[in-house]
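Quick note: the coordinates plus some simple rules give every number you see, no bench work behind them. Bear in mind that the values here come from a model prediction, so they are computed numbers and not experimental data. So basically every Cβ, Gly included, is an ideal-geometry build from the backbone, and we count neighbours across all protein chains shown.
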Amino acid sequence: MSANLQLRQAADGQWYFNLTAENNQVILTSETYTVKPAALKGIESVRVNGAVAERFERRQSKDGRDYFVLKAANHEIIGTSEMYSSTPAMENGVQAVMRVAGSARVVESQP
């Protein structure tokens, strides 16, 4: 199975996307966008910045779980990972984004 960038429109009309790994697990969820062209621009930003190790910021939630955010060159957050049970699992998630972001195909899901 190939990695995908799944473009979706939420119930409130806003747009977002999920980056899925080859196993179809979501590894990154975008911020929301008011219009589809902005979401498509966000997808292109993931393609460019997802290959740059310095664009990943490792964080810890209030309950101690690890996660990361992917930032653009302007330091704006493009997407956020799931919560991980361990730091090594989070690092695997970062590596997965770096591996698939540039080649993931865009798939638009119908509401």
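Determine which lysines satisfy two conditions relative to Lys62: a Cα distance under 28 Å, and not lying fewer than 8 residues away in the same chain. Partners within reach: Lys71. For the chain, the relative contact order works out to 32 percent when only alpha carbon pairs closer than 8 Å and six or more residues apart are counted.
Among the aspartates and glutamates, which fall within straight-line cross-link reach of Lys36, defined as a Cα-Cα distance under 18 Å, with same-chain neighbours fewer than 8 residues apart omitted? Within the straight-line cut-off, Lys36 pairs with Asp12, Glu44, Glu108. Rounded to the nearest 10 degrees, the angle from helix 36-49 to the longest Cα principal axis of the chain is 30 degrees. The angle between the Cα long axis of helix 87-100 and the main principal axis of the chain comes to about 40°, on a 0 to 90 degree scale.
The trypsin sites (Lys or Arg not before Pro) of the range 27-94 meeting both criteria, a DSSP state outside H, G, I, E and B (loop) and at most 16 other C-beta atoms within 10 angstrom of the site's C-beta, are Lys62, Arg65. Extension gain for the segment Lys41 to Ser2, taken as residue separation times 0.36 nm less the Cα-Cα distance, is 11.9 nm to one decimal. Looking only at the chain, where both bridge partners belong to it, what percent of the DSSP beta bridges are antiparallel (to the nearest 5)? Taking every DSSP beta bridge with both residues in the chain, the antiparallel ones total about 85 percent. In a shell of Cβ-Cβ distance under 14 Å around Ser85, excluding Ser85 itself, what net charge do Lys and Arg (+1) and Asp and Glu (-1) give? Charge balance in the 14 Å sphere: -3.
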